[in-house]
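Enquirer: Take this structure first; my questions come after.
Every number here is computed from the coordinates shown, using simple stated rules; none is lab data. Note that the structure is a prediction, hence the values are computed from the model and not measured. Positions of Cβ are generated from backbone atoms using ideal geometry, with glycine treated the same way; all protein chains shown enter the neighbour counts.
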Amino acid sequence: MLDSWLAQREQRSVARLRLPAALAASRIDLADNRCRELQERADTHNNRLLNLTGHEEPALVLKLEERLATAQDQMHHERTALWKDLLPLLKAAHDAGVEAQRTGWLAEFTRAANVPGDRS
């Protein structure tokens, strides 16, 4: 009986991790695509800045610098938002880890104490 209860608790812990892990994987993929797009935009603006001849108007230089800074700022915000969105997975993983430790301790205790369990 105790063995089946421990197995059931383990299955519940794994099930609690599935949804947050799936959501986290999706969110990571979206953030990766967005950051890649922003990095390409930043690289383009940076290359344009580096390739200026020095005879351009200061307004053009300022505009390119602002676009570069905006793209970098958006990447920073995207990464920060990603970490905030991953907090539920962290909490679920922590709870599942604590539960695994509890059930592991209980299983070890019953084995050490020679408490008969459901051996079927």
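Enquirer: What's the extension gain from L49 to E10 if we count 0.36 nm per residue and subtract their Cα-Cα distance?
Expert: 8.4 nm
Enquirer: Given the Cα-Cα distance of A93 and E108 and 0.36 nm per residue of separation, how much length would full extension add, in nm?
Expert: 3.2 nm
Enquirer: If a paramagnetic tag sat 7 Å from the Cα of D85 along the Cα-Cβ line, which residues of region 1-43 would have the backbone N under 16 Å from that point?
Expert: Zone members listed by number: 19-39.
Enquirer: Just need the relative contact order of the chain here, percent rounded to a whole number, with Cα pairs under 8 Å and 6+ apart.
Expert: Computed value for the chain: 49 percent relative contact order.
Enquirer: Please state the charge dipole magnitude for region 1-86, taken about the Cα centre, from unit charges on C-beta atoms (+1 on K and R, -1 on D and E), reported in debye and rounded to the nearest 20.
Expert: 500
Enquirer: Still on this structure: If each DSSP helix of 4+ residues adds -39,500 (n - 2.57) and the sum is divided by the residues in the chain, what number results at 222 nm, nearest 500 deg cm²/dmol?
Expert: Counting only the DSSP helices, I get -31500 deg cm²/dmol.
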